[in-house]
Amino acid sequence: MDPTGLGLPPLLAAFVFGLLGGAHCIGMCGGIMSALTFAVPPSMRSPARLTGLLLGYNLGRILSYMAAGTLVASLGTVVALTPAARTGLQLFAAVMLILMALYIANWWKGLLRVEAVGRHLWRYLEPIGKRLMPVVKIPQAIGLGAVWGWLPCGLVYSMLAWSLATADPLRGAALMGAFGLGTLPSLLVTGFAARQLGALIRHPATRTLAALAIIAFALWQVVVLLPLGATGHH
């Protein structure tokens, strides 16, 4: 299954999806990445240590994504998904992408209502994450990342819809892992250059460009899934 409708291999498609969603990831998790960097005492803030902490955090986050992918894809094995249902899930993901783009550009905040679905679980997990801070050791970073991987996020929910459509736990985990790797560049750059990037990321022009790219991607997917005029009129 190619969730993008672009003819890409599934794992590459998931990776591209993560790359495109980088702006949203920075908004959701960029503050955590900055906190990881700034919480390390200056005397311990060597490039090697910071790299280890940031990679550890992202490892934990991606492992949580893979666990979630395994869970929802397992649900797909229980529920018999028709081809129409699979297409519906992909369309749902495209709609979520558009909502996310509107949120990134500050045009409409409706995505917050969708993300509210996960806040019930998050109420129990957030205190665990706070107890792991400040992070100065790699195991702490991995643990914090594993907790924050469950942060309510419309982008993750979109990818989980595709994982559900696979109805295969291993493929669901692999898709979420590839998606997580796609989000990695944005978050690593944010962690290393938090102060320098903060103003650029918050700039309306930056957010607008990111939103337009995501909307174009989502609309392309809709066109591929529902080729208007493909059947023609008789």
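The values are calculated or read from the model by the stated rules, or taken from the named source; none is laboratory data. These numbers come from a predicted model, not from an experiment. Every residue, glycine as well, gets a Cβ built from its backbone with ideal geometry; the counts of neighbours run over all protein chains shown.
Values as computed for the structure displayed
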| read-out | value |
| --- | --- |
| Some residue of segment 69-77 being under 20 Å from the mean Cα position of the chain (by Cα), part of a helix (DSSP H, G or I) and over 30 Å from residue 168 (Cα atoms) | no |
| Filter result for residue 106 (in contact (Cβ under 8 Å) with a residue 12 or more places away in the chain and more than 20 Å from residue 15 (Cα to Cα)) | yes |
| Boolean, residue 101 is surrounded by 11 or more Cβ atoms within 10 Å (Cβ to Cβ) and within 22 Å of residue 174 (Cα to Cα) | no |
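One line per residue, one yes/no per condition, for (1) in contact with a strand residue (DSSP E or B) (Cβ under 9 Å, 6 or more places away or on another chain); (2) modelled with pLDDT under 80; (3) of a type outside the set (Phe, Trp, Tyr):
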{"site": "157", "(1), (2), (3)": "no, no, no"}
{"site": "167", "(1), (2), (3)": "no, no, yes"}
{"site": "193", "(1), (2), (3)": "no, yes, yes"}
{"site": "199", "(1), (2), (3)": "no, yes, yes"}
{"site": "219", "(1), (2), (3)": "no, no, yes"}
{"site": "227", "(1), (2), (3)": "no, yes, yes"}
